[in-house]
Every structure is written in structure tokens, then in C-alpha cells.
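Working notes for the structure below.
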Amino acid sequence: MSMFFFTALSFFFLCIYGSCDSVNSTKDDPIPPYTTSYYTQQLDNFNSNDKRTFNQRILTAKQYWKNDVLLFYPGNEAPIDEFYNNTGFLFKLAERFQALVVFAEHRYYGDTLPFGPQDTFTPANMAYLSVGQAMADFSRLLLYFYAHSYGGILAALLRYQYPAVFDGALAASAPMYMTAGLTESTAFFQKVTQDFADADSASPDVVRGAYADIIKNAYEGNFQFITDSMRLCNTLTVDKVEHLQGWARDAFTTMAMVDYPYPASFLGELPAYPVNIAAGLLTSSTTTNRMTKLADAVGKLKISLQYTCILK
């Protein structure tokens, strides 16, 4: 594996000097089919007296595998097939290095439910959902790997925590400084806001105004007005105001994270350049109702271009 790690380092140096066109990934690059298997994991990796186990879902692609090279993706906070079908860069690396590709699902997500679909999410059973437990699961499997976002954090931590197991890690778009408390806790949302400001400088103020209007009308008890303005599927109640605001916020973060130059089904059905489209919807609408502008931006992008109501 040391030979591969040297080769991988050479590859990254080549990229620095502009010679990595052969590994650039686009939406048109085919994602190879995978085979599904299950690996028996310990429920509690840190208690040898606890003999309980669960099945962890593993996706494997062998189409390019000719060398003793293994590329591993530690699953994020969603079903592993979603990440498999939207991580083309890893398969470009696999083709380049003739590697075996393995995606492992994070415990408590997708089909990897330690106590089954009915009982996994009880408070007592959730005690075994932690970064440490997930890292120990992954450490039983593998060697050189790539991941992004939360998975990128896991990649870096696994390389640090288990250096004898993992030869290297590429932590793409991983908020390491935020995780370590070395930057503002709101840094992520500041970046999202800046994305929309770059697309249309007036769009953040429209969103801020819409949120102010929601709060003001909720305080005054005008829930039907908010419902009509935002085309909600059901009449808003006081206990759902915060949920409505959070739902809209999450729509913006999703668009910023999946702001690809091509349509994508990752975290929702999104068109190419969703940030540009949403920013345009916020500022070009002829209505003066800022809540309706907000609803159009998040509804058309997060749900569908033909949406009739949001938050059923």
C-alpha cells in the first residue's frame, strides 16, 4: 500500500500543476453498478462484554479493480446509495489507479439499522450512535479513502485515529475548523448567504425580509395570512412557525451544497445552478409579498417547478 500512497501523492502534485484533466468528473461520467453485501459489526465497539451485533450495508464496485488498491467512502448521514450515485470523482480515481471501490453505510442510516426499522430510534437505542462508534465500524474494513462534508470529517479523523489501518484520506469540503471550534459556529450559514449574494446581491435581503414578515405576522396571530402567502398545504399553527423557518433554511443550504452545473437528484431533484435560479426567483418576482417570494424560491427548487403547496 505504501507504493499506492506514493502514487496517489504524485497524482495530487500533478493536479497542482494542472495535469489532472483525466480525473475530472462530470454528470455524464457513468457510475458503475455496485454489488451489495452486509458486514457483521459489533453494536458497542468499546465494550467487549456486549456481544450484540448488527449488519452494516456495503456497496462494492469491482469494474476497475486490477491492483492492490482500495478506495473507501465512509458513509455520511443518509442512505449510502445516495452518496454512491453522486460521487463520480471517486470512480475516476478508481479507473486511474485500477482500484477496488467500497462504500460503507453509516450506522443508523439507510438499511444499517442496528435494532431494525421499528426500534432503532428509541432514546435508549440511540446511545450507540456516535462518531466514535462509526469510526470504529469503518476501521474494521479498510485503507485509503475519500469522503466529503461530514464524511470528510470522518475521513480525516479516521486517518488520525487509526493510522495503522488507513494509509491516507482525502477530506473534501470537510468543515474541520468548525468541528474543532476554530471558527464561528455560523460560518457555514455565512457561506450559504454569500453564495446567494454572489448570484444576486439583493437576494439575501429579500430572505431576511421574508423571515421578519413571518415572525411579525406570527406574533400578531396572522397565521392564515402566512399560510396563504407561502402556499402552505395546511394552516400554520404557532407550534410550527419555527419548523417552517427551519425548513426554508434547509432548502437554501441544500441548494448551496448541491450547486452543480448540471441537474442532480442528490438531496432532492435540483436543476443545474440552483442557487442562481433561486436567487433570481427571489428578486425578479412581481409580487411585493416577500413571504411569497421566499415560498417560490424554496418550493420550486426544493419540491418541484410545478409545486402547489409546501409542508404537507
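Taken together, the values in this text are just the output of simple stated rules run on the coordinates, not laboratory data. Note that this is a predicted model, so its numbers are computed, not measured. Ideal geometry is used to build each Cβ from the backbone, glycine not excepted, and the neighbour counts take in all protein chains shown.
The rule of thumb for compact globular proteins, 2.2 N^0.38 Å, goes into the C-alpha radius of gyration of the stretch 187-302 1.03 times.
Starting from 0.36 nm per residue, how many nanometres of slack lie between A156 and R208 once their C-alpha separation is accounted for? Numbers along the way, then the final one.
On the way: separation 52, 0.36 × 52 = 18.72 nm, distance 3.55 nm.
Result: 15.2 nm gained on full extension.
Could you state the orientation-averaged shadow area of the convex hull built on the Cα atoms of the stretch 177-252, in nm² to one decimal?
6.2 nm²
Highest mean packing comes first when the peptides 239-252, 195-208 are listed by Cβ atoms within 10 Å, giving 195-208, 239-252. Scalar couplings 3J(HN,Hα) for the stretch 195-208, obtained by applying the Karplus form with A = 6.51, B = -1.76, C = 1.60 to θ = phi - 60°, are 4, 6, 5, 5, 6, 7, 4, 8, 5, x, 5, 5, 5, 4 Hz; x denotes Gly and Pro.
Which net charge results for the neighbourhood of A197, defined as the other residues with beta-carbon distances under 14 angstrom from its beta-carbon, given Lys and Arg at +1 and Asp and Glu at -1?
In short, -3.
Placing a label point 7 Å from the Cα of R52 along the Cα-to-Cβ direction, the residues of the stretch 84-118 whose backbone N falls under 11 Å from that point are 114-116. For D111, what residues show an amide H to amide H distance below 5 Å, using hydrogens built from the backbone and excluding near sequence neighbours? Answer set, sorted by chain and number: I80. The HN-Hα couplings worked out from phi for the stretch 132-138 by the Karplus form 6.51 cos²θ - 1.76 cosθ + 1.60 (θ = phi - 60°) are x, 5, 5, 4, 5, 4, 5 Hz, whole numbers, x standing for Gly and Pro.
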